[in-house]
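Working notes for the structure below.
The values are calculated or read from the model by the stated rules, or taken from the named source; none is laboratory data. These figures come from a predicted structure and were not determined experimentally. In this analysis, Cβ positions are derived from the backbone assuming ideal geometry, glycine residues included, and neighbour counts consider all displayed protein chains.
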Amino acid sequence: MKTLHILVASLLIFASCQSKKTDQNSPVTASSDNEKLLKDYFDKFNQHNWKEMAAMYSDTAEFKDPSLGQGIVKQSHEQIIKKYGELQQMIPDVRDSLVNMYPSGDKHMIVEFISTGTAPDKSKFTMPICTIFTIVDGKITQDFTYYDNFTE
């Protein structure tokens, strides 16, 4: 009888753990969905597929990015496409390599990555970057990017 109780308890614990993994309201699921979204985002970035990448944002997303000026700047899909198209014209081989992703609750992902390419003066660069993404209903609503934009 004792063995039966242990077996039933083990099955209940296993079932409970499995339901947590598949629960749509679970932060674990939200984090893994967000991670999948952002891996796809960086794939599109590296393919220079700006139109599909921009579609991953909400209709008007908020950005903090030294290239856009100070404070929060709102950008439409068209503005995002234009920004990254101009970046590609300046640095045709621009590429981002993911270092790590850090979930922060069910709506935020902190992403550490390295941007590389060839600057207009033909010098190669490597720049560490950190971005805090806010994701709501499968769309990026905020993109707060931090990097050292001072030249030596």
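Would you call ILE81 closer than 21 Å to ASN34 by Cα and either touching a strand residue (DSSP E or B) at 6+ places or on another chain (Cβ under 9 Å) or aliphatic (A, V, I, L, M) (or both)? No; evaluated as a whole, the condition is false for this residue. When HIS108 is tested against the conditions (1) surrounded by 13 or more Cβ atoms within 10 Å (Cβ to Cβ); (2) touching an Asp or Glu at 6+ places or on another chain (Cβ under 6 Å), the lone failure is (2). Yes or no: the range 69-90 includes at least one residue that is under 29 Å from ASP121 (Cβ atoms), at pLDDT below 95 and of a type outside the set (Phe, Trp, Tyr). Yes, there is a match, as at least one residue in the range 69-90 is under 29 Å from ASP121 (Cβ atoms), at pLDDT below 95 and of a type outside the set (Phe, Trp, Tyr). Scanning the range 38-62 for residues that are of a type outside the set (D, E, K, R) and assigned to a strand (DSSP E or B) returns TYR57, SER58, THR60, ALA61.
When each of ILE91, ILE114 is tested for being touching a Pro at 6+ places or on another chain (Cβ under 9 Å) and under 27 Å from ALA30 (Cα atoms), the lone residue that passes is ILE114.
Against the test of being farther than 23 Å from GLU52 by Cα and not aliphatic (A, V, I, L, M), the options TYR147, TYR84 yield a single qualifying residue, TYR147.
Anything in the range 107-123 that is of a type in the set (Lys, Arg) and either more than 27 Å from THR134 (Cβ to Cβ) or more than 14 Å from the chain's Cα centre (by Cα) (or both)? List them, or say none. If the condition is that a residue be of a type in the set (Lys, Arg) and either more than 27 Å from THR134 (Cβ to Cβ) or more than 14 Å from the chain's Cα centre (by Cα) (or both), then LYS122 is the only one that fits.
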